[in-house]
1. Just the residues that are touching a residue at least 40 places away in the same chain (Cβ under 8 Å), surrounded by fewer than 19 Cβ atoms within 10 Å (Cβ to Cβ) and more than 9 Å from Ala212 (Cα to Cα), please, taken from the range 15-31.
2. Looking at (1) outside any helix (DSSP H, G or I); (2) more than 18 Å from Gly85 (Cβ to Cβ), find the lone condition where Ile371 falls short.
3. Quickly run through the range 348-377 and pick out the residues that are aliphatic (A, V, I, L, M), buried (at least 24 other Cβ atoms within 10 Å of the Cβ) and either within 11 Å of Val335 (Cα to Cα) or modelled with pLDDT under 95 (or both).
4. Go through Leu261, Leu242, Leu225 for me and flag whichever is among the aliphatic types (A, V, I, L, M), in contact with a Gly (Cβ under 8 Å, 6 or more places away or on another chain) and assigned to a loop (DSSP other than H, G, I, E, B).
5. With Ala91, Ala103, Ala64 as the choices, which residue is part of a helix (DSSP H, G or I), in contact (Cβ under 8 Å) with a residue 40 or more places away in the chain and under 30 Å from Gly362 (Cα atoms)?
6. Assess whether Asp161 counts as being acidic (Asp, Glu), touching a strand residue (DSSP E or B) at 6+ places or on another chain (Cβ under 9 Å) and either without any contact (Cβ under 8 Å) to a residue 40 or more places away in the chain or surrounded by fewer than 17 Cβ atoms within 10 Å (Cβ to Cβ) (or both).
7. Which one is nearest to Gln358 (Cα to Cα) among residues in the range 290-313 that are outside any loop (DSSP other than H, G, I, E, B) and over 18 Å from the mean Cα position of the chain (by Cα)?
8. With respect to Phe278, is the statement that it is touching a helix residue (DSSP H, G or I) at 6+ places or on another chain (Cβ under 7 Å) and at pLDDT 95 or above true?
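The values are calculated or read from the model by the stated rules, or taken from the named source; none is laboratory data. Given the structure is predicted, the values throughout are model-derived calculations rather than measurements. Because the Cβ atoms are built from the backbone with ideal geometry, glycine has one as well, and the counts that use them run over all protein chains shown.
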Amino acid sequence: MTVHVASVGMGRFGKRPEGLIDLSAEAAHLALEGIGRKPIDLLVVGSMFAHGPHGRESLLPRLAGRLGLETASGYRVDSSSGTGGMAFHAAVLALETGRFDRALVVSAEKMTDRSTAENTKDLSSSLHVSEVASGATMPALAAIVTSRYMERHGLTSRVCDVATVHARAMAARNPNAHFQKPVTLEEVANSRPVALPLRLLHCSAISDGATAMVLEKGTGPATVLGLGQGFDALRIVDREDLTSFAATRIAARRAYESAHLTRKEINVLEVHDAFSPFTLIHLEDLGFCGPGEALEWFEKDWVGLNGRLPVNPSGGVVGRGHPVAASGLAEVAEVALQLRGEAGAHSIGTRPKIGLAQTISGIASHNLVTILGREAS
């Protein structure tokens, strides 16, 4: 059975005064308006924190009540930063059973009303308990991965700077992105250290935001062609290689196989750059270039809006902002908008026929790949 993205709803990412329910409802209403408010029989909600002013929110029933979906079925999913991608996959698989006709998928996070220390602690819950016990954080482990990648391929921290400049330039064209101004290589290189070689502008920002989609059975301008998931050791010391993410390679192989496609047929790419150097690792793991070759793609602007393979036209996580659960769905949403011709100022040069979205959980321990196309495979 075939499933397609019928509409997309997304508010602005950034520091927002609204709470989690309001952010979720905003995106959901935009998606529902896109289909003329047709009936929804499945609601899938994703949130890592489900944080409200009085503690954890009963997000699923509250949102169902707010949207008037009390007669729909529903469930909430959580896979840390991969939550949005997982919510999309779960909805697709549910529709493919034939039990549902139309699903509303919403992923949202409210983060800016909490301190950096509180958010850092909660984000660390996606790491191995031994790493947390030793005081490791997401940026610290990402810095280890980045250092190993640079050392293996004879690169300097310029590789991180180039990726951030690309992300911010793309985000400046996206009215929903957290960051609306480009940055220079010098500004990135001189930003304050976080966990060297990573600096502040190499890291995704704490943001508020929500993304919503309506999925329907049948084909459309953004039809689901392939899905793939993969796992790697949760504790990074147990991995065979730190310069490549095995979970992405596994997920990509499965997605390509289920879509009956190869990477040569992908026209636009959205990857989960929680830290800017991860963009290069993802490009290599997805098969678009060999190990250590991704920097050339950025320096020659092959990843630009008019390049051979536009990467993160939305600005990615570094440019768009990172309301954790919403990011994975935003990646799929961007591919759908490009395919549907609805991306506006951040449309790539030529409307694509096939696009790929990649999402990671934690330090790439559970990754998801989604392939969409304008025609059923």
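1. Lys15, Glu18, Gly19
2. (2)
3. Leu356, Ala357, Ile371, Leu372
4. Leu261
5. Result: Ala91 is the single residue among Ala91, Ala103, Ala64 that is part of a helix (DSSP H, G or I), in contact (Cβ under 8 Å) with a residue 40 or more places away in the chain and under 30 Å from Gly362 (Cα atoms).
6. no
7. Step by step, filter the range 290-313, then rank; the result is Ala294.
8. Taking the combined requirement at face value, the residue does not satisfy it.
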